[in-house]
1. Check region 81-89 and report whether any residue there is modelled with pLDDT under 70, of a type outside the set (Asp, Glu) and not in a helix (DSSP H, G or I).
2. Looking at Tyr59, is it aromatic (Phe, Trp, Tyr), open to solvent by less than 100 Å² (accessible area, probe 1.4 Å) and at pLDDT below 90?
3. With among the aromatic types (Phe, Trp, Tyr), modelled with pLDDT under 90 and open to solvent by 100 Å² or more (accessible area, probe 1.4 Å) as the only criterion, which of Tyr74, Tyr32 stands out?
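The values are calculated or read from the model by the stated rules, or taken from the named source; none is laboratory data. Only a predicted model underlies this, so the values are computations on that prediction, with no experimental measurement involved. Calculation scope for accessible area: heavy atoms of the full protein, side chains included, ligands and nucleic acids excluded. Shrake-Rupley method; radii C 1.70, N 1.55, O 1.52, S 1.80 Å.
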Amino acid sequence: MLDDCLTAAGELDGTQPPSGKNIARQHSAEPYKYDGTPKRDERFPRPVNMGVNAEVFLYDEKFPPQPKTLMMFYKRLRELTCREMMASIITETPDKPWEYYRDMRASFGTKPATR
């Protein structure tokens, strides 16, 4: 496969004429289908579990800073579901203007990419 690709491109450094050979697709032979089902490993059995109220813990002055930092990490892990949902919307709405994708990305707290 690599040899065929290199020959089709005119070798690694481009010094040979391209072969014009059509390379058969392997992994992209069929269009990608996004699976929007949230998945977690065994450490996170229920992605929407509210068994721990992070805000109550974070704002309670009797807890020291280090456990609060760990709780913030825990809270961020739980927020992944929001990002997964946004990824599914972006993935399932093809052919929109660049501004649409930029604004969708900005709406869930990441810095918009420049084009």
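1. For region 81-89, residues modelled with pLDDT under 70, of a type outside the set (Asp, Glu) and not in a helix (DSSP H, G or I): absent.
2. Here the answer is no, as Tyr59 does not meet what is asked.
3. Details: Tyr74 fails: open to solvent by 100 Å² or more (accessible area, probe 1.4 Å).
Result: Tyr32 is the single residue among Tyr74, Tyr32 that is among the aromatic types (Phe, Trp, Tyr), modelled with pLDDT under 90 and open to solvent by 100 Å² or more (accessible area, probe 1.4 Å).
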